[in-house]
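Before any comments, here is the structure.
The values are calculated or read from the model by the stated rules, or taken from the named source; none is laboratory data. On a predicted model such as this, the values are computed, not experimentally measured, just so you know. Cβ placement follows ideal geometry from the backbone for every residue including glycine, while neighbour counts extend to all protein chains displayed. Side chains are part of the model used for accessible areas, which takes the heavy atoms of the whole protein and leaves out ligands, DNA and RNA. Shrake-Rupley method; radii C 1.70, N 1.55, O 1.52, S 1.80 Å.
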Amino acid sequence: MDGIPFFNGVLVFVLLVSALLTKAQFHGFQSSSARHPSFNPTKRNVTYHVGETALLQCSVENLGTKEVIWKNRNQKHVITVGTFVYIGSGAYSVSHPANSPHYDLVIKNVQRHHAGVFECQVSTREDMSIEVTLNVIDPPVKPTYSSMTLTGTEFVDQGDPVKLSCNATGVKHAPEDVDWFFDGLKIQSSVEEEILITKFHSPETRTLISTLEIERSKMKHSGIYICRSTDGIIKSHTVQVINATSNNRIRAVIATGGKRDDRNDRHVAEQTDNKCSSLTMYLPTFVLISTLYSIYIYLPR
């Protein structure tokens, strides 16, 4: 009989602990079911260029068994439910990393007709949604690199130096490099050939300046020189090396349709003028002598 009270006490204790555990679980279930979904702060107004991939964010905490729905406010049908896409254009998808509250709407190759107000809704009895405005604008103009200039010697006497200057200017920065070519072959600096190529970057003007110098020109240096930048811009320049004699110079200039050397022209003109002056000075004397000689012949003897 003494063991009965002890047994009863243990039974009461077990029942009490079981009741407390049951109550705790019930309150835990109530508290978890009482937590309603809520939206996390995200961007509500986004802008993209035509052709880009647009991302409209929607992040929901305590979603539970409910679903996230995306739709365009101006359209009746839904776009997505959860991660399932109801529009078969292929442009739409949902980005939902594992265990993430994000259900972001992705629009590939976004176009102007995609612009508008989109709603991210949670499938509850209450009206629970947020709005995200999508703006679509024209793509930015791609930067094009500005002009390249190639200037320098056009006509040169054999043995005189040739100097060409190539200026390549970029919009955002100077081109990385330029290359020189002669008759299709790349030119390098050479001590043996007496060729020197220099390059100078000017960040302030976004220009790369390169010079090509040939210390003593030869007849083989006549031809087309090309300057090509890493941006793909190409300019050409023709150089004509001429023998030092005046007649050769004149014929070469006329044949190439170029400009004649003024110094040489003046020299030729001076020689021509001197010859004409000499002829004019002795012409009267020559005429007088010829006349007297004719009279002498016809006089009777």
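Pop the C-beta distance of Asp177 and Asp138 into the FRET formula with R0 = 35 Å and round what comes out to the nearest 0.05.
0.60
Spelling out what I want: for every residue of the stretch 88-98, take phi, set θ = phi - 60°, compute 6.51 cos²θ - 1.76 cosθ + 1.60 (Karplus), and round to whole Hz; glycine and proline get x.
Once θ is set to phi - 60°, the couplings for the stretch 88-98 become x, 6, x, 7, 9, 7, 10, 9, 9, x, 4 Hz.
Solvent-accessible area per residue for the stretch 49-121 at a 1.4 Å probe radius, Å²?
53 Å²
Kirkwood Rh and Cα-based Rg: tell me the resulting Rg over Rh for the stretch 71-158, rounded to two decimals.
On the Cα set of the stretch 71-158, Rg over Rh gives 1.46.
Can you give me the solvent accessible area of Arg112 with a 1.4 Å probe, rounded to the nearest 10 Å²?
130 Å²
Determine the distance separating the Cα centre of the stretch 213-244 from the Cα centre of the stretch 109-136; give it in Å without decimals.
When both Cα centres are located, 63 Å separates them.
I need the phi-derived Karplus couplings for the stretch 72-81: 6.51 cos²θ - 1.76 cosθ + 1.60, θ = phi - 60°, integer Hz, Gly and Pro marked x.
With coefficients 6.51, -1.76 and 1.60, one gets 8, 4, 8, 10, 7, 7, 7, 8, 9, 10 Hz.
Output ³J(HN,Hα) for the stretch 124-130: one whole-Hz value per residue in order, computed from phi by the Karplus curve 6.51 cos²θ - 1.76 cosθ + 1.60 with θ = phi - 60°, and x for Gly and Pro.
Taking θ as phi minus 60°, the curve returns 10, 5, 7, 7, 10, 7, 10 Hz for the stretch 124-130.
Rounded if a/c is under 1.5, else prolate if a/b beats b/c, else oblate: with a ≥ b ≥ c from the C-alpha gyration tensor eigenvalues square-rooted, which is the stretch 103-217?
Taking the square roots of the gyration eigenvalues as a ≥ b ≥ c, the stretch 103-217 is prolate.
Enumerate by residue number the GluC sites (Glu not before Pro) in the stretch 200-246 meeting two conditions: DSSP loop (anything except H, G, I, E, B), and at most 10 other Cβ atoms within 10 Å of the site's Cβ.
Answer by residue number: Glu204.
How many percent of all Cα-Cα pairs in the stretch 61-101 sit more than 15 Å apart?
Taking all Cα-Cα pairs of the stretch 61-101, the fraction more than 15 Å apart is 47 percent.
Viscosity 1.002 mPa s, temperature 20 °C: Stokes-Einstein D of the stretch 26-182 from its Kirkwood Cα radius, in µm² per second?
106 µm²/s
How would His114, His173 rank on accessible area, largest to smallest, probe 1.4 Å?
His173, His114
Taking amide H positions as placed 1.01 Å from N in the peptide plane, with prolines and chain starts having none, which residues 5 or more places from Glu67, or on another chain, fall under 5 Å of its amide H?
Amide H to amide H, under 5 Å and 5 or more residues apart or across chains, Glu67 pairs with Ser123.
Where does each of Thr169, Thr53 land when they are ordered by accessible area, with a 1.4 Å probe and the largest first?
Per-residue accessible area, sorted high to low, gives Thr53, Thr169.
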